[in-house]
Each structure stands twice: as C-alpha cells, then as structure tokens.
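Engineer: The structure follows.
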C-alpha cells in the first residue's frame, strides 16, 4: 500500500532529504522542487509533501500523512497523539531558560514573566519546578523581551548559543534536548504496519551508521 | 443573530444522514442478534457521577453547567458510565448478566480548530456480570460489527492491559512511575521510553521487556516473541490466554482482520483485561474501541465484571458510500390536487412520494434516484 510522508520544510528539510537519498529512495523530485507541493518518490510507492512543522502534526493526526518528520520542540508544544518511533538525531538543539546576567528568574522574589514562542513548554517546565510564572507568547526574536523589559526571562530553543550571547543573555537552565523525530499515525500503523516499519528501519539504519561513524571519530 | 454552529458541532444533511442511518441500522442489527437490549439515558448527568467513575477525569473536556440548586451538570461524555449508574440503581435486584446496547450522542470539548468533532454518535454494547470467559463473545460481536461497516480494509487490534500491569508488579516498578511508563509505551514514544528506562536502573531482562513492548504487535507470529520475553510465569499465562483467544476466534471463522498489540496500555485505572480498537482504511483514528472494565461498577456499589465496546458512527461516514434509493415525484396542476393526493396514497404503499405543485396540465410522475 502506498505511503504518504509529511516533511517539515525549512531547517530540517535538507537533512531529511539527504537521509532519504542515502536510504536509496527516489528523492529527485524533492530536490528539484520548483513550486510543487506534493512529490512522488521515483523508486518507491511513497508520496512526500513539505509543510510547516505544526502542519506536519496536523496532517499526521488526521491520517492524511501516515508518517511525519518533525522537531521535538513542536511535538512538545502541540502535544502528540501519534506514535513517536524514532529519533533522527539531527536538528539537535536544547530548550533553555535564559535571562540577562543580573536577572536570575529562579532567584527572583515576586511576579515572574517569561517570554517565549513555546508557551506550553514554558508553562509546564515552571510548573514542574513549582514556580508560578506568567507566560507571554512572542512570535519572533524572543531575545528582545528581557532586553526591553517585557519579560524577566525567556524559554527558547538554543542551537549554538551565539544569538543569546550577542544579545547579552545567559543560559540559566537547560530544559531538555530536542531533535528531529519520526511520528506515525496510529490507524496507519495498524493498517500498513509492514510498509511503515520498512521505512522506519531504513531510517534507523542510517541513524545507526552515523552514530557508529561519530563514535569512531569522537 | 448567530446563524452558525458552535465550535466542534456540525449539521448532517442530505446523503450524510442517509449514510449514517443506514450504518446505524446495520450495526444495531448485529447488536440485536447478540441479544442486547436498548437503553436510553438522559443527555445530562451530574458531573459527580463521572468523577466517581474516573479518578483522573479531564473535567476541562466536559460541557458543564449548573442546575437550579447550583449542582454541576455535564453533558454525558460516554454511555458506559450512565449504564453503570443504571445497573446500580434500576437493576440492583435483577440477576446478572445484563446485555445493554445504546446509540446516543456523546459530548467532549475538543481542541479548537483541530478538525475534531465535539458531538458524536456512540453506538455500543455492554455485557455486564460475566468474567473473561465472555471476552470471546464480545470480540466476535465487535468483528461482526466491523464486517457490517461493509468496508474492505479493516482490522481489530487486541491487547491485554494486564500484561503491562502484571509485569510492573513482578518487576516491582514503583507505583509513581507506572503511569509515565504506560504512557510512553502506549504512545510508542521509543526515544522517551529508552531515556525513562535508563533512568530507572532496572534488571537488563526487565528493561528489554519494556523496551520491546511498544513494537510487540502483529499477527500470529507475535505470540512467540511475547512468550520469549515474558520473564515471569504470570506473564506467560497472559500470552497463553491471548493465544487461546486467537485460536478460538479462528475456530469460529474469524481468520482475517485480527491483530495483536501487547504494548496497548491506555487508561491504566479503567481497563482491567483485554482491550481492543478497530481501524478502517482512510480514517486516522480508531472507529471502534472497547475492553474489559471490571472495577467500574464497584464504584457505583455493584461489584460486577463488565466488558463492552462502541462504534463512533460519525468517523466512518466519509469513507462510506451513500445507499442509493429511488423516490417518486408527483407533479400536479392546481385543479387536480385531490386526484394527485389519492394517487400518492396508493403509491406510498411501495414508494417514497413527494408531491409538487406545478404548471402542467396533467399529473406527471417522475422517478429520481438519490
């Protein structure tokens, strides 16, 4: 049976496509994409489409896509009702709490405001730490919030930490690590188990190969 | 003036209604053939009734309001709890077993704009007062029900929540970790599961068991693997029982459309034994679900074992074809109204007839298919 796979466009796109190519899948259409939105695999009975990370989850939730590749950050923020079968181990970064050096939100007595693109993640983290905070949703350049005094601190994804440093912010705590994950619609898993597991196994073997290589180099 | 429906609600019109009615009839025919009696319960229950039934009730998912005495009311979110309540009150002096069936709308507040419905028709059965022996009957009924959907590609997936629970007891997993462990396994969240197991410092054999559980699924071949990783005779017994269930189903002629998943462990405090879900091609969520819930009725003061399942009719509609039917249209001029009515009365014995006033000189009958 034919499979549909939703891929996150942007940050994770290139590496996902490279991975599929190494697995021997027919990714020509994906690489030379023009304005198309849906791409047929030239070797396998698979259809890909590239959408925003939030939409990957939506398409998989509804079973329109059987499989999705999406960042753990989006999964944590949205909540996941699908199976999460594999860590692709790229797109690695961390959720961190950061603030200006003299404004440790964990020490502050009184009302604490946290600016973030990920209100759910921020809320749950401070809840788990037993700290009562007000979460303010911001859509971009979260680093600006503590500088301008909108928030005492921020929760954001940090890859290298350069942006934080350039804006004079320091990391107070690491919340958790995130990376690209493979999610699978539950109903699809029941009805197309073999086809789906074949793709997951292929992805897994590439992940393992890389881990092995890095193990030797590192 | 509001002229649209609230979020998550929808109107059914035209062929959607026909599809739903036809499906409902086919499903109810199966339930009737198994001797289930219909129950109609009120749409509104006390919130308290649901809180009694579920220790971890997600109150935010219920539509709530107050009665004149300021007691909190809720739109029912399922039919199993009202039926448990009925068993404890109306049936307290009747000898079990009881076989109930229902077809009622149930309500759950869904996430905004996620394309989910907040009101769906739940059509199901509850077999109350019989122990595991009747699992076979309930599953056979579920399979007959799925066959009645008249779709080619479907599967009923069976698990047993005791497999996980017994494993936790045998492995002495701390109580406070069990819920989290169950959730990772049920979600097949393999990465998080691995991290959790690593943090728990378990015996390698036990660690391997829980690690394998999420992918311990498939058809007959899965029993061998399940048996192999069962680290306690009590677990082996559960594998044997499930295999026996499978053999019995085969003997009864249910060869196809069955699969097993040992890593199926939702709602730990609700399901007490077998549990199952039905999936059909083209629908992203389960359309049938059920299982054994031997501890629910106790909470209402009647300690009776029970097993049941229900079908969410609305989820299936998009994948079904509308039944075709022919109706008659009878056009008549103003001066022949009575004659037309008389003609229609005769025709209605065998047909659906709609009367339409027209400009034509004579009565004219037209057959149309819908």
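The values are calculated or read from the model by the stated rules, or taken from the named source; none is laboratory data. For clarity, every value in this text was computed on a predicted model and none was experimentally measured. With ideal geometry, Cβ positions are generated from the backbone for all residues, glycine too; neighbour counts draw on all protein chains shown.
Engineer: Determine, yes or no, whether residue B:120 is modelled with pLDDT under 95, touching a helix residue (DSSP H, G or I) at 6+ places or on another chain (Cβ under 7 Å), closer than 30 Å to residue B:323 by Cα and assigned to a strand (DSSP E or B). Steps first, please.
Structural biologist: Working: modelled with pLDDT under 95: yes; touching a helix residue (DSSP H, G or I) at 6+ places or on another chain (Cβ under 7 Å): yes; closer than 30 Å to residue B:323 by Cα: yes; assigned to a strand (DSSP E or B): yes.
In short, yes.
Engineer: If I filter segment A:69-80 down to residues being within 10 Å of chain B (Cβ to nearest Cβ) and either in a helix (DSSP H, G or I) or within 20 Å of residue A:199 (Cα to Cα) (or both), which single residue comes out as modelled with the lowest pLDDT?
Structural biologist: A:78
Engineer: With the requirement that a residue be in a strand (DSSP E or B) and closer than 17 Å to residue B:127 by Cα, what does segment B:1-44 give you?
Structural biologist: Passing the criteria: B:37, B:38.
Engineer: Could I ask something else about it? Looking only at segment B:210-229, count every residue that is without any contact (Cβ under 8 Å) to a residue 12 or more places away in the chain and either more than 13 Å from every other protein chain (Cβ to nearest Cβ) or more than 24 Å from residue B:154 (Cα to Cα) (or both) and tell me the total.
Structural biologist: Qualifying residue count for the region: 2.
Engineer: Then there's this: Residue B:74 - would you say it is more than 20 Å from the chain's Cα centre (by Cα), surrounded by 19 or more Cβ atoms within 10 Å (Cβ to Cβ) and not in a loop (DSSP other than H, G, I, E, B)?
Structural biologist: yes
Engineer: A follow-up question, please. I'd like to verify a number: residues in segment B:187-209 that are more than 19 Å from residue B:231 (Cβ to Cβ) and either without any contact (Cβ under 8 Å) to a residue 40 or more places away in the chain or more than 13 Å from chain A (Cβ to nearest Cβ) (or both), how many?
Structural biologist: Residues that pass the stated criteria total 7.
Engineer: Considering only segment A:155-172, I want to know if a residue exists there that is at positive phi, surrounded by fewer than 17 Cβ atoms within 10 Å (Cβ to Cβ) and in contact (Cβ under 8 Å) with a residue 40 or more places away in the chain.
Structural biologist: Checked segment A:155-172: at least one residue is at positive phi, surrounded by fewer than 17 Cβ atoms within 10 Å (Cβ to Cβ) and in contact (Cβ under 8 Å) with a residue 40 or more places away in the chain.
Engineer: Can you tell me which residue in segment A:81-91 is surrounded by the most Cβ atoms within 10 Å (Cβ to Cβ), limited to those that are within 12 Å of chain B (Cβ to nearest Cβ) and assigned to a loop (DSSP other than H, G, I, E, B)?
Structural biologist: Here is the first cut: in segment A:81-91, the ones within 12 Å of chain B (Cβ to nearest Cβ) are A:81-89.
Next cut, assigned to a loop (DSSP other than H, G, I, E, B) only: A:81-82, A:88-89.
Working: A:81: 16, A:82: 28, A:88: 22, A:89: 17.
Filtering first and then ranking leaves A:82.
Engineer: Checking the structure you have, find out if any residue of segment B:41-58 is farther than 30 Å from residue B:302 by Cα and either without any contact (Cβ under 8 Å) to a residue 24 or more places away in the chain or surrounded by 11 or more Cβ atoms within 10 Å (Cβ to Cβ) (or both).
Structural biologist: Within segment B:41-58 (the criterion being farther than 30 Å from residue B:302 by Cα and either without any contact (Cβ under 8 Å) to a residue 24 or more places away in the chain or surrounded by 11 or more Cβ atoms within 10 Å (Cβ to Cβ) (or both)), the answer is no, since none of the residues qualifies.
Engineer: Another one. Any idea how many residues of segment B:176-191 are in a helix (DSSP H, G or I) and surrounded by 20 or more Cβ atoms within 10 Å (Cβ to Cβ)?
Structural biologist: Residues that pass the stated criteria total 6.
Engineer: Moving to a separate point now. Could you please find all residues in segment B:261-272 being away from chain A (no Cβ under 11 Å), buried (at least 19 other Cβ atoms within 10 Å of the Cβ) and touching a helix residue (DSSP H, G or I) at 6+ places or on another chain (Cβ under 6 Å)?
Structural biologist: If the condition is that a residue be away from chain A (no Cβ under 11 Å), buried (at least 19 other Cβ atoms within 10 Å of the Cβ) and touching a helix residue (DSSP H, G or I) at 6+ places or on another chain (Cβ under 6 Å), then B:262, B:265, B:271 are the ones that fit.
Engineer: Kindly provide the set of residues from segment B:321-347 that are modelled with pLDDT of 90 or more and closer than 24 Å to residue B:13 by Cβ, ordered by number.
Structural biologist: B:327, B:328, B:329, B:330
Engineer: Right, something else. Take the conditions part of a loop (DSSP other than H, G, I, E, B), over 15 Å from the mean Cα position of the chain (by Cα) and within 14 Å of another protein chain (Cβ to nearest Cβ) and apply them to residue A:26. Does it pass?
Structural biologist: no
Engineer: Of the residues that make up segment A:6-15, is at least one within 14 Å of chain B (Cβ to nearest Cβ), touching a residue at least 40 places away in the same chain (Cβ under 8 Å) and buried (at least 20 other Cβ atoms within 10 Å of the Cβ)?
Structural biologist: There is at least one residue in segment A:6-15 that is within 14 Å of chain B (Cβ to nearest Cβ), touching a residue at least 40 places away in the same chain (Cβ under 8 Å) and buried (at least 20 other Cβ atoms within 10 Å of the Cβ).
Engineer: Same structure again: Here are A:66, A:55: which of them is in contact with a strand residue (DSSP E or B) (Cβ under 9 Å, 6 or more places away or on another chain), within 14 Å of chain B (Cβ to nearest Cβ) and either more than 21 Å from residue A:206 (Cβ to Cβ) or without any contact (Cβ under 8 Å) to a residue 40 or more places away in the chain (or both)?
Structural biologist: None of the others qualify; the one that does is A:55.
Engineer: Is it the case, given these coordinates, that residue A:94 is surrounded by fewer than 23 Cβ atoms within 10 Å (Cβ to Cβ), within 27 Å of residue A:29 (Cβ to Cβ) and more than 13 Å from chain B (Cβ to nearest Cβ)?
Structural biologist: Considered against the rule, which asks whether it is surrounded by fewer than 23 Cβ atoms within 10 Å (Cβ to Cβ), within 27 Å of residue A:29 (Cβ to Cβ) and more than 13 Å from chain B (Cβ to nearest Cβ), residue A:94 comes out as no.
Engineer: So, restricting to strands (runs of 3 or more DSSP E) that lie completely within segment B:280-367, which ones have at least 2 residues that are under 18 Å from the mean Cα position of the chain (by Cα)?
Structural biologist: Numbers: elements: B:288-292, B:306-312, B:326-332, B:353-357.
Counting at least 2 such residues, we get B:288-292, B:306-312.
Engineer: What's the number of the condition residue B:148 fails, among (1) out of contact with any helix residue (DSSP H, G or I) (no Cβ under 6 Å at 6 or more places or on another chain); (2) within 23 Å of residue B:285 (Cα to Cα); (3) assigned by TED's automatic domain parsing to the domain that holds residue B:295; (4) surrounded by fewer than 19 Cβ atoms within 10 Å (Cβ to Cβ)?
Structural biologist: The number of the failed condition is (1).
Engineer: Among what's in segment B:59-71 and is out of contact with any helix residue (DSSP H, G or I) (no Cβ under 9 Å at 6 or more places or on another chain) and at negative phi, pick the residue that is surrounded by the most Cβ atoms within 10 Å (Cβ to Cβ).
Structural biologist: Here the answer is B:63.
Engineer: While we're on this one: Within segment A:158-167, identify whether any single residue is more than 30 Å from residue B:279 (Cα to Cα) and within 14 Å of another protein chain (Cβ to nearest Cβ), and answer yes or no.
Structural biologist: Scanning segment A:158-167 turns up no residue that is more than 30 Å from residue B:279 (Cα to Cα) and within 14 Å of another protein chain (Cβ to nearest Cβ).
Engineer: State whether one or more residues within segment B:124-145 are touching a helix residue (DSSP H, G or I) at 6+ places or on another chain (Cβ under 7 Å), within 14 Å of chain A (Cβ to nearest Cβ) and assigned to a helix (DSSP H, G or I).
Structural biologist: No: segment B:124-145 contains no residue that is touching a helix residue (DSSP H, G or I) at 6+ places or on another chain (Cβ under 7 Å), within 14 Å of chain A (Cβ to nearest Cβ) and assigned to a helix (DSSP H, G or I).
Engineer: Looking only at segment B:96-110, decide whether some residue is within 22 Å of residue B:295 (Cα to Cα), away from chain A (no Cβ under 14 Å) and surrounded by fewer than 18 Cβ atoms within 10 Å (Cβ to Cβ).
Structural biologist: So far as segment B:96-110 goes, yes, one or more of its residues are within 22 Å of residue B:295 (Cα to Cα), away from chain A (no Cβ under 14 Å) and surrounded by fewer than 18 Cβ atoms within 10 Å (Cβ to Cβ).
Engineer: I would also like to ask the following. For segment A:32-44, indicate whether the set of residues that are over 23 Å from residue B:217 (Cβ atoms) and in contact (Cβ under 8 Å) with a residue 60 or more places away in the chain is non-empty.
Structural biologist: no
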